[in-house]
């Protein structure tokens, strides 16, 4: 894959989504039926960028990444890892004088059936809409050019900037978010996604599910006088885990044989 398809992907991923998000942030207007589709900008960008230079071959490779489900124990990491980070956040919150409820994630607002429904909804919306692009297309292309740490950093920063209009959008989940928080958190999360991608031999399907479970177990941004400590504790844990992963890569660099398992990177 040359640099041109990747550049095309970036332009489309930002352009298709920001065409909805930027006017909404600037005017407060309702984009109507375009709003639910805006999160699928990266997925549509991936399909178009893959189809333009290589047609069916590249699209088939993208499809294989999105359907690679035989990844063994990595499903435990993907499904329970974010919950483990949240549990440690709760323990630290209580140890520092807070209440467990201060660290209540989205998953804690509903029962078991509701959690399954939310997981499915998040996987099919934000998960599929974003990860088909970020991990299904951009990450394999970046890994052909550089190591996993640099690839994750580039993708994480782009991911944070992509979300930026939501910080100035009335009623958005990220309304009022300091951009520097996204520039710290999303590169860290991108490292964890890259770690899973490498470990699963290039499965973007696991990224879709990891995106959903991470959202389910995320401590929300504080508002209405809520304490910042739980959110910041979870952020520190995410960054610390990402640094541990990067340290592991430095001790034992990813070798070509490991990269070869994700053979679709070369498309």
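Here are a few things to note about the model shown:
- Selection of the stretch 50-106 for residues being over 28 Å from residue 235 (Cα atoms), touching a helix residue (DSSP H, G or I) at 6+ places or on another chain (Cβ under 8 Å) and without any contact (Cβ under 8 Å) to a residue 40 or more places away in the chain yields 51, 59.
- Filtering 36, 31, 5 for residues that are part of a loop (DSSP other than H, G, I, E, B) and modelled with pLDDT under 90 leaves a single hit, 31.
- Positions within the stretch 157-181 being in contact with a helix residue (DSSP H, G or I) (Cβ under 9 Å, 6 or more places away or on another chain), over 16 Å from residue 235 (Cα atoms) and assigned to a loop (DSSP other than H, G, I, E, B), in sequence order: 169, 170, 172, 173, 175, 176
- The residues on offer are 125, 110, and the sole one that is modelled with pLDDT of 95 or more and out of contact with any strand residue (DSSP E or B) (no Cβ under 8 Å at 6 or more places or on another chain) is 125.
- Condition met for residue 15 (in a helix (DSSP H, G or I), without any contact (Cβ under 8 Å) to a residue 60 or more places away in the chain and under 15 Å from residue 135 (Cβ atoms)): no
- Some residue of the stretch 22-37 being touching a residue at least 40 places away in the same chain (Cβ under 8 Å), within 17 Å of residue 155 (Cβ to Cβ) and crowded, with 16+ Cβ neighbours inside 10 Å: no
- In the stretch 149-174, the residues that are at pLDDT 95 or above, more than 15 Å from the chain's Cα centre (by Cα) and crowded, with 16+ Cβ neighbours inside 10 Å: 149, 165
- Subset tally (residues that are in a loop (DSSP other than H, G, I, E, B) and in contact with a helix residue (DSSP H, G or I) (Cβ under 9 Å, 6 or more places away or on another chain)) for the stretch 18-28: 0
- Residue 234 vs. criteria modelled with pLDDT of 95 or more, farther than 29 Å from residue 15 by Cα, touching a helix residue (DSSP H, G or I) at 6+ places or on another chain (Cβ under 8 Å) and not in a loop (DSSP other than H, G, I, E, B): yes
The values are calculated or read from the model by the stated rules, or taken from the named source; none is laboratory data. The structure presented is a predicted model; accordingly, all values stated were derived computationally and were not measured. We place every Cβ from the backbone using ideal geometry, glycine too, and count neighbours over all the protein chains shown.
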